[in-house]
Amino acid sequence: MTDRKGLGRRQFGRAAGLLPLAALAPRGTSAQGSGSRIPDGPVTVVVPYTPGTGPDILGRLVSAPLQQAFGQPVMVDNRAGASGNIGTQFVARAAPDGRTLMMQPNTFIMNPSLFRQVPYDPINSFVPIIQLSTGDLVMVVNPDVPARNAKDLAELARAKPGELDYGSPGVGTPQHLAMALFGLTAGVTMNHVPYRGAAPSLQDLIGKRLTAMVLPVHTALPLAQSGQIRLLAICGDRRSDVAPDVPTLAESGFPGSQADLWFGLFGPTGLPADFVRRVNADLNAWLAEPRTREALLAQGMKPAGGTPEALGELAKRDLARWADVIRRGGISAD
């Protein structure tokens, strides 16, 4: 087992090559002059994570269409720390005037089950506006592992209980919980090795000091193509557009073990309903633009969209689902 254990902060893959933000503004109608309530000053999109992470990249992409919709400057404010709890608390306490919004991955739904106490309620402290994107996760192994698919890995873990190590960017990250859920579903035990971020865990996987881990598919694909890792199964409920030959965990014989990343825009409770509807309409139009899809796919994300209500229901389902996984897995970030 590697000796590089340590509680990791939530980290997401860095990415480069963003399209110019001004080019990503929607061509359709805007909230300005539509009769909907709009902010009366500059707008801040709070990202509770560091620059270069997935939520930060998405926050900066979405600032252009928001600026056009509002007719006001839109700025990204990175308030990182405490696994996202610092920035999330800031938004929960903000005035519901439309000037403070929040870009969140689904990790903020998991935090209340991982920590003894968090300074917000993931359902009641926020108003859902729109789900912006999803990101595929894939289970991988180092190429020396004699497993060609997820069923092989489960059989290997069953034959060697407690002897296989899997890594993650930290306790309670989506990558950790995806592997934990697979273990619960398959009825096998593997050792979790948490790191301080994705880079050192990936380095140990490539260096064959770890057996397996879960990665964003756009991170894993070039490593698999160069023979440094092997892809076993997509963790989501459908195959990835960029790796269509890789089966899902459900197709591999493990239904109910799906996991992915999703990203949503939220505001503090009390945000006016007409404001939410107008922003939702503008961003759905933006997501339908081919250039937006191209920009998101370049960052390993797929456009989502939908109603505020759909995002709210997704958050509620995930809150219950991951609380059950965390409880059954005996997982805690404290």
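The values are calculated or read from the model by the stated rules, or taken from the named source; none is laboratory data. Worth saying up front: this structure is predicted, and the values here are computed from it rather than measured. A quick note on method: Cβ atoms are made from the backbone with ideal geometry, for glycine too, and the neighbour counts reach across all protein chains shown. Side chains are part of the model used for accessible areas, which takes the heavy atoms of the whole protein and leaves out ligands, DNA and RNA. Shrake-Rupley method; radii C 1.70, N 1.55, O 1.52, S 1.80 Å.
Some points to look at:
- The listed peptides 316-328, 79-91, ordered by packing as a protection proxy, come out as 79-91, 316-328 (highest mean of other Cβ atoms within 10 Å first).
- Mean projected area of the convex hull spanned by the Cα atoms of the chain, taken over all viewing directions: 15.3 nm².
- Beta-bridge orientation, the stretch 119-233: approximately 55 percent antiparallel, per DSSP, counting only bridges with both partners inside.
- The alpha carbon centroids of the stretch 140-171 and the stretch 67-85 are separated by 39 Å.
- Annotation: per residue accessible area for the stretch 172-306 equals 36 Å², rounded to a whole number [probe 1.4 Å, protein chains only].
- Ranked by the mean number of other Cβ atoms within 10 Å per residue, highest first, peptides 238-245, 168-175 order as 168-175, 238-245.
- DSSP-defined beta bridges in the chain - what % are antiparallel, rounded to 5: 60
- The angle between the Cα long axis of helix 54-70 and the longest principal axis of the Cα atoms of the chain comes to about 20 degrees, rounded to the nearest 10.
- Debye log10 I(q)/I(0) at q = 0.13 Å⁻¹ for the stretch 112-155, Cα point scatterers: -0.65
- With Cα atoms, 0 to 90° folded angle of helix 308-329 axis to the chain main axis: 30
- Tilt relative to the chain, helix 150-159 - C-alpha long axis, 0 to 90 degrees, to 10: 50
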